[in-house]
Amino acid sequence: MISIFAKNKMYDRAHEMLHLIHESGLQPDLITYNSLMDMYARGGECWKAEEILKGLQKAGGKTDLVSYNTVIKGFCRKGLMQEAIRILSEMTTRGIRPCIVTYNTFVTGYAGQGMFTEVDDVISYMMQHNCRPNELTYKIVVDGYCKVKKYREALEFLSKIKEMDKSFDDQSVQRLIFLVRDHM
């Protein structure tokens, strides 16, 4: 129920349900807490999402990759990239390894701010650490360039990727080239 309230931005109802769970003597599970964090992250209240993460940890609860990715997403959406990096650092210190979703979240955050040097750094880091970027990763970058009308840079990026990532197939490259041309 909490996840339904959370997805519909019914914050008060989600908290009422959490309160009822506690009152009944039950312990909310990680999915419940992740739903609450997601509700706040999507609603632009990334600090509240982090507060839930910290509270869960302080109470001895287990957090997971989804928990951290959710808080990171909240900070990236707000353009608070240093805060997102801080959460990533905490996550890796706790032994939780980032995944493609984590990296794509950072790529989205940086591309959304026109920080394409940082985007390149994230993609290089991914490749060096055996987390191969996927078509979504590259689409995020191309969309980012197109949103700021840097079409030439988008096409140059695709050429560079074709050289760097030999496993990225020609069909995918063509789809992204058409995406750029559709924006022009």
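When you work out D = kT/(6 pi eta Rh) for region 47-94 at 37 °C and 0.692 mPa s, using the Kirkwood radius from C-alpha pairs as Rh and the Stokes-Einstein form, the result is 309 µm²/s. To the nearest 0.05, how large is the calculated FRET efficiency for Y125 and N8 if R₀ is 25 Å and r is the Cβ-Cβ distance? Plugging the Cβ-Cβ distance into 1/(1 + (r/R0)^6) gives 0.10. For region 103-184, averaging the sequence separation of C-alpha pairs within contact (under 8 Å, six or more residues apart) and dividing by the residue count gives a relative contact order of 28 percent. Computed from Cα atoms alone, the Kirkwood hydrodynamic radius reported for the chain is 17.8 Å. Its alpha carbons considered, region 53-143 gives a radius of gyration followed by a Dmax of 13.2, 42 Å.
Once the Cα-Cα distance is subtracted from the 0.36 nm per residue extended length, the K147 to R132 segment shows a gain of 2.9 nm.
Rounded to the nearest 500, the 222 nm mean residue ellipticity of the chain from helices alone is -23500 deg cm²/dmol, with -39,500 (n - 2.57) taken per DSSP H run of at least 4 residues. Kirkwood hydrodynamic radius of region 103-184, from the reciprocal of the average inverse Cα-Cα distance over all distinct pairs: 12.4 Å. Counted residue by residue at 0.36 nm each, then reduced by the alpha carbon distance between them, the extension gain from L26 to T92 reaches 20.7 nm. Each Cα pair under 8 Å and six or more residues apart adds its sequence gap; the mean of these over the residue count of the chain is a relative contact order of 12 percent. Principal axis extents of the Cα atoms in region 1-97, from largest to smallest and rounded to whole angstrom, are 38, 27, 16. In the chain the longest region clear of trypsin sites (Lys or Arg not before Pro) that are loop-assigned by DSSP and have at most 13 other C-beta atoms within 10 Å covers 95-148. Compared with the direct C-alpha span, the chain from S159 to R181 gains 6.5 nm at full extension, assuming 0.36 nm per residue. Put the Cα centre of region 95-149 next to the Cα centre of region 26-82 and the gap is 21 Å.
The residues V141, V71, V66, V148, when put in order of fewest to most other Cβ atoms within 10 Å, stand as V148, V66, V141, V71.
A short reminder: the numbers here are calculations on the coordinates, not readings from a lab. In this text the structure is predicted, and so the values were computed from the model without any measurement. Cβ sites come from the backbone with ideal geometry, for glycine too, and all protein chains shown count toward neighbours.
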